[in-house]
Amino acid sequence: MKDKIWLSPPHLSGREMSFIEDAIERNWITSIGQNIDEFEYSLAQYMEVDNHVVALNSATSAIHLALVMLGTGSEDEIITSSFSFVASANPIVYCGATPIFIDSEKDTWNMCPVALEEAVKDRISKGKKPKAIIVVHLYGMPAKMDEILKIAEEYDITIIEDAAEALGSSYQGKACGTFGRFGILSFNGNKIITTSGGGALVCHNQEDKDKAVFLSTQARDYAPHYQHSHIGYNYRMSNIVAGIGRGQMEVLNDRIQARRKMHDFYISLFNDIKGINVFSEPTDNYYSNHWLSAIIINPEITGKTREELRMALLEENIESRPLWKPMHLQPVFTDAPYYGTDIAEKMFDNGLCLPSGSNLSDEDRSRIAVVIKKVFHH
Ligand SMILES: *Cc1c(COP(=O)(O)O)cnc(C)c1O
């Protein structure tokens, strides 16, 4: 059996160990220390925001914390994209609130501004203004932020940006994750950089940052004994893990360039195969990190289905994965309101994520090309 080609494997820089060793040597191994400070600082620098980033143990906790900081409770409704990973929606349920799912549009595959406005109006007419909108930048592609921000402003609804997949992406030159009241990043093992597991909450003032640190470290009041007047969480990133993040930040730009090259590779590979749409930026306003390269197959033109391609790749030990199954079609969310048509659903039916790692070799790429050419008779 040939070596497995993974969809999106971790890619270390070799610099991580020195930061970890440093933390161990100084005995700063828990939730305070230089690695955390420096990692947060380098993220803020990278995203061109003030130093108000909070390193956490996952993006899921970051979303939950953002909702908690907005005071989300069981009476509230939170809008989010249906076409996303389940972690965009689960924290809404942790708060006891109701998720409201929105369909995608075809240009960026992200939240459709038309369906969003329809949802906002309809919820308001039913007597409940949504408390927040969680916008996702899928596979690194920025959402239509202009339109979405305009709606949020008009109806005075807070934006949380799930930029878990979009570190390094930007819209009109501004970093994804910096448009909303809060931005969320993920450093899970499959993301563009990793800390093994981890996340961050991007805040825009010291008050929010202090509150996020307080709540993520068990909400201890200022007292010599353990005194608590708030419910807290154990969500802070450890100083060891942040050391991996520091090593990864040194190569973030290289990783983005390598992922974008994978996208270029698929563009040229599918160039003369009709009926395949390679997920690409609709205009120059959008800059995607191309965390995952993805395609949509039109089976009527290609004569092949998504599953036929996926199985052919699997036979050669190459991992690929269907696009996210929309949340409004998930058994766990059958009762949640949904606004839109069947755009996300059709993308799920015909879409496939292809190997996108920043550490794929030329040999890996030719193995992928051979299978794809064989399936589509080229
Ligand atoms: C990966 C991911 C998350 C969750 O990130 P974790 O760090 O694994 O908790 C949330 N939202 C999206 C869109 C993701 O891709």
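Give me the net charge for the shell around S18: Cβ to Cβ below 13 angstrom, other residues only, Lys and Arg +1, Asp and Glu -1. Write out the running numbers ahead of the final one.
Numbers: positive: R15, R26, R246; negative: E16, E21, D22, E25, E38, E250.
Value of the local net charge: -3.
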Using the charge dipole of the range 253-376 (Lys, Arg: +1 at Cβ; Asp, Glu: -1 at Cβ; taken about the Cα centre), state which of A294, V370, F270 has its Cα farthest towards the positive end. V370
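With Rg and the Kirkwood Rh both taken from Cα atoms, where does Rg over Rh land for the range 9-57? Numbers along the way, then the final one.
On the way: Rg = 12.1 Å, Rh = 12.1 Å.
Value, to two decimals: 1.01.
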Unit charges on C-beta of K, R, D, E only; dipole of the chain, Debye: 580
Please report, to one decimal in angstroms, the Kirkwood hydrodynamic radius of the range 43-104 built from all distinct Cα-Cα pairs. 12.8
Dipole magnitude of the range 253-376, debye to nearest 20 (Cβ charges: Lys/Arg +1, Asp/Glu -1, about Cα centre): 160
Taking the alpha-carbon centroid of each part, what is the distance from the range 322-339 to the range 71-101 in angstrom? 12
Roughly what would the spin-label model give for E316 and Q330, points 7 Å off Cα along C-beta, in nm? 3.2
Treating the Cα atoms of the range 253-376 as identical point scatterers in vacuum, please give the log10 of the normalised Debye intensity I(q)/I(0) at q = 0.21 Å⁻¹, two decimals. -1.27
Result: in the range 1-152 the number of Lys pairs with C-alpha under 25 Å apart, spaced 8 or more or on different chains, is 14
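Assuming R0 = 25 Å, can you tell me the calculated FRET efficiency for the pair L12 and N234, based on Cβ-Cβ distance, to the nearest 0.05? Present the calculation step by step, with values, prior to reporting the outcome.
Values: r = 26 Å, r/R0 = 1.06.
Working from the Cβ atoms, E equals 0.40.
Go through 17-28, 134-145, 228-239, 174-185 and give me the packing order, highest mean Cβ count within 10 Å leading.
So the peptides 17-28, 134-145, 228-239, 174-185, ranked by packing, come out 134-145, 174-185, 228-239, 17-28.
Give, as a single signed number, the net charge of other residues whose beta carbon lies under 13 Å from the beta carbon of Q34, with Lys and Arg counted +1 and Asp and Glu -1.
Working: positive: R26, R246; negative: E21, D22, E25, D37, E38, E40.
The answer is -4.
Taking 51 Å as R0, compute the FRET efficiency from the Cβ-Cβ separation of K373 and E21 and round it to 0.05. List each step's numbers first, then the result.
Working: r = 47 Å, r/R0 = 0.91.
Once rounded, the FRET efficiency stands at 0.65.
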Can you sort I273, I79 so the residue with the fewest Cβ neighbours within 10 Å comes first? I273, I79
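Have a look at the DSSP beta bridges in the chain and tell me what percent are antiparallel, nearest 5. List each step's numbers first, then the result.
On the way: 24 of 43 bridges.
Rounded to the nearest five, the antiparallel share is 55 percent.
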Charge dipole (the range 16-251, unit charges on Cβ, about Cα centre) - positive-most of L138, G33, T80: T80
Take the Cα pairs of the range 1-132, get the Kirkwood Rh, then feed it into Stokes-Einstein at 20 °C and 1.002 mPa s and tell me D in µm²/s. 117
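By how many nm would the segment from N298 to D362 lengthen if fully extended, with 0.36 nm per residue of separation less the alpha-carbon distance? Each step should come with its number before you reach the end.
Values: separation 64, 0.36 × 64 = 23.04 nm, distance 2.79 nm.
Roughly 20.3 nm would be gained on extension.
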So how far apart, in nm, are the two label points at E207 and Y155 if each is 7 Å from Cα heading toward Cβ? 2.6
For the range 141-280, max minus min Cα coordinate along each principal axis, in Å, sorted largest first? 69, 42, 23
How large is the Kirkwood hydrodynamic radius of the chain, in angstrom, based on all distinct alpha carbon pairs? 21.4
So if R0 is 30 Å, what FRET efficiency would K2 and Y46 give, r being the distance between their Cβ atoms, rounded to the nearest 0.05? 0.25
Let me have the relative contact order for the chain, percent, based on Cα pairs under 8 Å that are six or more residues apart. 24
Which listed residue (A312, L43, P10) has the Cα farthest towards the positive end of the charge dipole for the chain, taking +1 on Lys and Arg C-beta and -1 on Asp and Glu C-beta about the Cα centre? A312
Site K174, offset 7 angstrom along Cα→Cβ, radius 12 Å on amide nitrogen, limited to the range 192-224, gives none
Residue-wise HN-Hα coupling along the range 223-236, computed from phi with Karplus coefficients 6.51, -1.76, 1.60 (Hz; x: Gly, Pro): 6, x, 9, 7, 10, 9, 10, 9, 7, x, 9, 9, 10, 6
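All of the numbers you see were taken from the coordinates with simple rules; none came from a lab. Please read these numbers as outputs of a predicted model, since none were measured by experiment. We place every Cβ from the backbone using ideal geometry, glycine too, and count neighbours over all the protein chains shown.
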